[in-house]
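Note sheet for the following structure.
The values are calculated or read from the model by the stated rules, or taken from the named source; none is laboratory data. Worth saying up front: this structure is predicted, and the values here are computed from it rather than measured. Neighbour counts are summed over all protein chains in view; Cβ atoms, including those assigned to glycine, are modelled from backbone coordinates with ideal geometry. Ligands, DNA and RNA are stripped out before the accessible areas are found, and what is left, the full protein with its side chains, is counted by its heavy atoms. Shrake-Rupley method; radii C 1.70, N 1.55, O 1.52, S 1.80 Å.
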Amino acid sequence: MTLPTFDKELYTTSNSFGLLRKELIEHLGYDHAKTFLLRYGWNLGVAHAKEVDRMQLGLRKKLDSASSYHLNTGQITDLVTERVLHLDDHDNIKEIYAKGVWINSYEASEHLQHFGVSEKVACHTLAGYASGFTSYLTKKEIYIIEVTCRARGDAECAFEMKALEDWDKETQSYVIKMNHSRMIDELNTTYEQLYQEKRLTELVSIFHNNLTKGLTQGMKLEQLLETIYETLGTPVILQDLNLNSYMTAGITLEELDNLYDDFAKQVGQTRSGKLLLKPIEPEHPLQIDGQKHTRLVCPITVHHQVIGYIAFIYPTQTKELEFERDFIQRAATVCSLHYLNEKSSLEAIENMKAYFFEQLLQKQYTSKSSMNYRSYLMEIDLNQAFFIGNVKILKNNMQIKEQQILSKVIQTFTIYLEMHKIPIFITSFQDEIIFLMQKQPNTLEIAESIIKHLQRSFKIYDFRIGISRTIQDIEDIPEAHQQSIIALNIDKKQSIVLFENTSIISSIINSHNKASIVQLAKHELKAILELKEAKKVEFLKTLYIFLKNNGNLQQTMFDLSLSMSGLVYRIQKLEDLLNKNLRNSKDSFELMFCIEALEILGEVEIE
């Protein structure tokens, strides 16, 4: 025999429910407990609404029965409410609104007993019950929100009731979130986040260990880049200060060229086509989002100086790269350490190379073949064409000869060329920076890039480079050294001066006749050179300008800003001092040669 089924009613005290409520809040936290109690109340209200819905009553009377169900559950002792309800002819809701007060809410009492005065309202079961009961009967989403509560220290537990669409945006958002939020879903989300964090932590550890291991084992930079790519699966590139890519892993230079225009549009270009990248702090890598790709860029620094950039290449991103920033910062640090290690070993090697170079400059060797062989071991073949360069450092047009500054410039110079795989000999010789470099197809471009790099690294100084003729015999190195000096003395306006582009006089002067030419020139100009400094400069300049203008008084007067009578006086005085006729072509040629020779050799300076 089948027994009829019916819903049993279980009775419990408010204290028992209060204890359950306390456990929920303490174990789940306030927000999760609130959601649980709201849903419990909602489902209880729906269950009672289903009983009422079976009665042959109109919607208005069905809704009126809510207060008696409320009272019967023992949740409150009384209910005071005002309701606005408009129905259409078919008993459908047109408008509904209510506000009221729950008298002696058991939830408020239990909350005060177990937790004391709260910062938030506490009658969640009551609000859920009324919302579920009304929504089921009206077939419309109706929500009751408690606005004041005794548990919060208010005088009464008051509420408002509205259709979902009539509540403000914030309340709507909260209700929707509550309806679609389950604790199991949140736990799953939290688990997934923890799992991803665990994987990320493992990847960070692997990444760090691989790079550290590679660094300690003396991996080359190319191998370190391959390690980065193999660990992360992200293409990586190294770029110089002009954003020219010189090393890649996971992407070819051809593929990178296809992304150049996309990258250039984001960073901008000068009229000459040079890419412009705003300064980047190592702690804040720059994300550049293009149409074809996204690039994460971080500077590589050595001794607080940016020497280049490392970049990760991604497909176009719609979100901010966060975890990836940690990886590129670690990669940049490893590259910096690699360059620093290279710099330390490089300094030892460079000291050895500098000593070797000074031997060449001073011809302190007995065997050319031995020197050529030693040079070859240092990656410079002196049997091939090479040249000598002279770097002049200026500040306010005054040459800088401080050894500390020269050493810093040499370090920066060397690291920059090392990055571009251009071997050189370089040293500080006689208070000047002298270098030897193999002839390159683009020598002038290399020299220009060196000066730009030095200007960026030492902003308060100006730099000039004099370059000798190309030679192929170490015996000619001292002569080439003199040519590099002469080139700078002849042309004082250009930042890069090639000796082969200078005047005939400079070609006549060489190391063999230099001393005799200086002696001869000083003898011819002795009367002027022995004057007091101010007079010497004044008369030497007047003589030079007059001869340069081929004896044209008007042009000379204009160039020197003198009156005609003042100029004529000086010319007569010069002729008396030198015992020469300045309008005689032979005398004027000899004097001009003497002045230019002394200027080229750095004995005098004509402003």
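Of the residues Tyr136, Val497, Ala158, the one whose Cα sits farthest toward the positive end of the charge dipole of the chain, with +1 on the Cβ of Lys and Arg and -1 on the Cβ of Asp and Glu, is Val497. Note on segment 423-561: semi-axes of the ellipsoid equivalent to its C-alpha gyration tensor, largest first and rounded to whole Å, are 33, 20, 15. Along segment 83-99 the Karplus relation, 6.51 cos²θ - 1.76 cosθ + 1.60 evaluated at θ = phi - 60°, assigns HN-Hα couplings of 10, 10, 9, 10, 10, 8, 5, 9, 6, 9, 5, 9, 8, 8, 7, 8, 9 Hz to successive residues, with x for each Gly and Pro.
With Cα atoms as the point set, segment 360-465 shows a radius of gyration and Dmax of 14.5, 44 Å.
Counting only Cα atoms, segment 194-343 measures 44, 40, 28 Å along its principal axes, largest extent leading. Computed from Cα atoms alone, the Kirkwood hydrodynamic radius reported for segment 287-435 is 18.3 Å.
On the protein heavy atoms, probe 1.4 angstrom, tell me the percent of accessible surface of the chain carried by carbon and sulfur.
That share works out to 50 percent.
Per-residue extension of 0.36 nm, minus the Cα-Cα distance of Leu529 and Ser495, leaves a gain of 9.3 nm for this segment. Distance between the modelled labels on Leu275 and Tyr30, one decimal in nanometres: 5.2 nm (7 Å Cα→Cβ projection). Considering only Asn15, Ser105, Leu79, and ranking their Cα positions along the charge dipole of segment 14-181 that arises from unit charges at the beta-carbon of Lys, Arg, Asp and Glu, the one farthest toward the positive end is Asn15. Computed from point charges on the beta carbon alone (+1 for Lys and Arg, -1 for Asp and Glu), the dipole magnitude for segment 14-181 about its Cα centre is near 320 Debye.
Note on Leu85 and Asn397: their simple-model spin labels are 9.9 nm apart, each label 7 Å out from Cα toward Cβ. Here the label points at Lys368 and Ser68, each 7 Å from Cα along the C-beta direction, are separated by 12.4 nm in the simple model. The amide H of Val302, built 1.01 Å from its N in the peptide plane, has Ile307 as neighbours under 5 Å, considering only residues 5 or more places off or on other chains. Using the Cβ of Lys439 as centre and a radius below 14 Å, the other residues enclosed give a net charge of -4, where K and R count +1 and D and E count -1. Of the GluC sites (Glu not before Pro) found in segment 58-152, those that fall in a DSSP loop while having at most 12 other beta-carbon atoms within 10 Å are Glu119. With respect to the chain, whose longest principal axis is taken over its alpha-carbon atoms, helix 106-115 is tilted by about 50°. Once the C-beta distance of Asp559 and Gln519 is scaled by a Förster radius of 25 Å, the resulting FRET efficiency is 0.25 to the nearest 0.05.
Seen against the Cα atoms of the chain and their longest principal axis, helix 183-216 is set at about 20 degrees. Taking a straight Cα-Cα cut-off under 30 Å and skipping sequence neighbours fewer than 8 places away in the same chain, the lysines within cross-link reach of Lys278 are Lys220, Lys265, Lys292, Lys319, Lys343, Lys392, Lys395, Lys408, Lys421, Lys452, Lys459.
Compared with the direct C-alpha span, the chain from Phe17 to Tyr569 gains 186.8 nm at full extension, assuming 0.36 nm per residue. For the chain, report the translational diffusion coefficient in µm²/s to the nearest whole number, using Stokes-Einstein at 25 °C, 0.890 mPa s, and a Kirkwood Rh over Cα pairs. Once the numbers are plugged in, D ends up at 74 µm²/s. Charging the Cβ of each Asp and Glu at -1 and of each Lys and Arg at +1, and nothing else, the dipole of the chain about its Cα centre rounds to 1340 debye. Relative to the longest principal axis of the Cα atoms of the chain, helix 368-377 runs at roughly 10 degrees.
I need the trypsin sites (Lys or Arg not before Pro) found in segment 509-607, filtered to DSSP loop residues with at most 15 other beta carbons within 10 Å of theirs.
In loop regions of segment 509-607 (DSSP not H, G, I, E or B), the sparsely surrounded trypsin sites (Lys or Arg not before Pro) are Lys532, Arg583.
Start at zero, step by 10 Å, and the Cα-Cα distances of segment 14-181 spread as 10, 40, 36, 12, 2 percent across the bins.
Percent of alpha carbon pairs in segment 513-601 separated by more than 23 Å? Distances greater than 23 Å cover 18 percent of the Cα pairs. If r is the Cβ-Cβ distance from Asp154 to Tyr97 and R0 is 22 Å, what FRET efficiency results, to the nearest 0.05? Working from the Cβ atoms, E equals 0.55.
One chain, two ends: Glu347 and Glu170. Fully extended at 0.36 nm per residue, the span grows by 57.2 nm beyond their Cα-Cα distance. With contacts taken as Cα pairs under 8 Å and at least 6 residues apart, segment 513-601 reaches a relative contact order of 38 percent. Rounded to the nearest 0.05, what FRET efficiency do Tyr260 and Phe323 have when you use their Cβ-Cβ distance and R0 = 22 Å? With a Förster radius of 22 Å, E is 0.20.
Rolling a 1.4 Å probe over the heavy atoms of the protein chains gives the chain an accessible area of 56 Å² per residue.
Placing +1 on the Cβ of every Lys and Arg and -1 on the Cβ of every Asp and Glu, with no other charges, gives segment 464-607 a dipole of roughly 540 debye about its Cα centre. Qualifying trypsin sites (Lys or Arg not before Pro) in segment 50-115, where qualification requires a DSSP coil assignment and no more than 15 other C-beta atoms within 10 Å, comprise Arg54.
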